[in-house]
Each structure stands twice: as C-alpha cells, then as structure tokens.
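Q: Provided herewith is a single structure, encoded as structure tokens, for subsequent inquiry.
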Amino acid sequence: MDTKLLTIRTLVSSLTSSSDQTRLAALRHLRRTSNEDPAARPLISAAGAVPLLAGALYSPSHPIQDHAAATLLNLSISDRRPLLSSPTLLPALAHLLSRHATSSAASAVQSAAATLHSLLAVVAEFRPAVGAKPEILHALIGIISDPDSVTRTIKDALKALFGIALYPPSRTTLVRLGAVPVLFDLVAKDKNGTRKVGIIEDATAVIAQIAACEESEDACLKVSGVSRLAMMLCSENGSCSLRTKENAVAALLNLVRYGSERVVGEVRNKVGTLDGISYVQEHGSPKGKSKAVAFFKLLLDGGSSGEIVQDLYPVDPDSGSSCRE
C-alpha cells in the first residue's frame, strides 16, 4: 500500500479515539496535509474523514474545533462531493456557527463560514439544502451583526449568505429572519465615520440578491433602503467603490421589478441624479453595465427594463476560500 495512503488512513482512524490528545494530534496532521498537498484531499475524504471531522465540531475543545473546521475548508476547495454527500456536515456546521458568541472557537467559526461559501459558490444543488436550514441562516445573520466578529469572519459569512441567496426561495427566508436591517447597518459608517470597503461591497451584493423577492420591499423601505442605495450612486460619494455602485444599481432594479408602484415611485423620487448610473454604465463590468442600461431605461421612459438581476457578484470558487494552514 502507498505510504501516503497508509499514513492518511492511520490518521483518520485516530479521529475515532476517545483520547482528545490523540484526536488533536491527528487533526493537526490532517490539516497540514490537506493544506500543503492538494492531491491528498480526495484520499482523506475517501478514508472516511468527513463525518469524523464534522463530529469533531461538537467538541468543547477549541483546538479540536479549529483544526477540524480548517481541514473541512481545505477539503472543500477541491474535493467537494464527499462533503456535499455527508448528512452530518450541515447539522455540525449549524451547531458550530450558532454558538459563535459563546462556546465556538472564533477561528473555527470563520473556517465554517468559508466552507459554506466554498460549497455554495460552485455547487448549485447545495443551495436548497442550506436554505432549508434556518438555523444556519440565523447564525450567519448573527455573525454579521455581532460587534465582536472580526472583519474576515464577517466577509466569509456575507459570501456564504450571498451563495444562499442565489437560491430564490431562500431570499424570502432571509428577509423574514431580519437580514435586511442587519445588512444595511453594515454599509453605514462606523463610530469613526469610516466605512470598510470590502464589507460594503459584500453586504450590498447580498442586498441586491435579497431584493429579488416581493417580501424585500417592505423590509427595505423600513430602513430607508432606497435612499441609502441611491446615495451610493452619487458621483460625489467617493467612499463607494465601483463594485458597490454596481450592486446598488442591481438592488434598486430588483426592488422595482419585484415591488409595487409604491417602491417604483420611491426609486424614481430618490434617484435624483443619473451621474452615478452613467458611471457604472461607462466603467462597470459587463453585467454591471447591462444593469445600468436597464435602470436608465426604467428611469427615463418608465418601461419594463431589463432582465431580473441575478449573479451580479462574481462567483469564484476560490474567492475567500483559501486554505487554512
């Protein structure tokens, strides 16, 4: 038998030990191996590691949680199918994420959110399964609203939420769980009067997706969402990146296409200048430009404009899902 395969099987077998010390030692090796050797990832999964790694997420030991979650993330980057087919994975991730403010290790929470993003960004059939787990959605919303969450964890959670929102029925669930005000809070200035550009870009990408459901209208209007999105389009608002402006266009267009005449009137009233839209049309990505054209059509002639806005945020299987060393 190949030495590498034999070593991996021995390490995976050690995960069943009743000794935390033995399990931790094996997890350290598996984490390092899955990070340094991509060819070893399918071997680790084939040896039956995924359900054992998922089980380790329930451990009260932070080091065990950390190494197990990081190994799962490493596996998810290039060997996704064994994770998707494991019935124990989602409940374990839900358990870990829902305790982000209490008993879960912060590093493990970050890896768990990144694992979800890695899977959701690439495998469309995984999105309904995650969307059917409201405890995961609730936990991710809790993470992005927690003032103690670090920036990288918030970004991973936002990217996971974006992947979830690519499945249309999940958008309604996210609205009902209170995602809209939390997302708009993220795009507001912090106590120092500054904005974190990366978080704003990711948050507005999620807003744009959630806007593509009828239930989003009331939720957005309650937080002055139209006004806040329109402000992002202002050409003088230098704090907003081009990608944020593209997301704002997409969100407003989706609100109009899925909303009532009330929100249509609100959008026309609040978007007082076309400069920001022109900027997106001229400098944006191909998708961003097409949405700007559709939005121009709506504002100028009142016609039904463009297609429903979906997938504006670039889906990159490796974005935000780097290996955990």
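Q: If I ask for residues that are within 14 Å of Ala203 (Cβ to Cβ) and of a type outside the set (A, V, I, L, M, F, W, C), which ones from the range 154-191 would you list?
A: Lys155, Asp156, Lys159, Pro181, Asp185, Lys189, Asp190
Q: Further question on the same structure: Going by the conditions given, is Ser118 within 15 Å of Gly163 (Cβ to Cβ), out of contact with any Gly (no Cβ under 7 Å at 6 or more places or on another chain), open to solvent by less than 20 Å² (accessible area, probe 1.4 Å) and not aliphatic (A, V, I, L, M)?
A: Considered against the rule, which asks whether it is within 15 Å of Gly163 (Cβ to Cβ), out of contact with any Gly (no Cβ under 7 Å at 6 or more places or on another chain), open to solvent by less than 20 Å² (accessible area, probe 1.4 Å) and not aliphatic (A, V, I, L, M), Ser118 comes out as yes.
Q: Restricting to the range 136-150, what's the tally of residues that are surrounded by 14 or more Cβ atoms within 10 Å (Cβ to Cβ) and more than 12 Å from His100 (Cβ to Cβ)?
A: Matching residues across the range 136-150 total 1.
Q: Turning to a different aspect of this structure: Please go through the range 59-82 and give me each residue that is surrounded by fewer than 24 Cβ atoms within 10 Å (Cβ to Cβ) and in contact with a Phe, Trp or Tyr (Cβ under 9 Å, 6 or more places away or on another chain), ordered by number.
A: Passing the criteria: only Arg80.
The values are calculated or read from the model by the stated rules, or taken from the named source; none is laboratory data. Please read all numbers here as calculations on a predicted model, not as lab measurements. All Cβ positions, glycine included, derive from the backbone under ideal geometry; neighbour counts span all protein chains shown. With ligands, DNA and RNA removed, areas are computed over all heavy atoms of the protein, side chains included. Shrake-Rupley method; radii C 1.70, N 1.55, O 1.52, S 1.80 Å.
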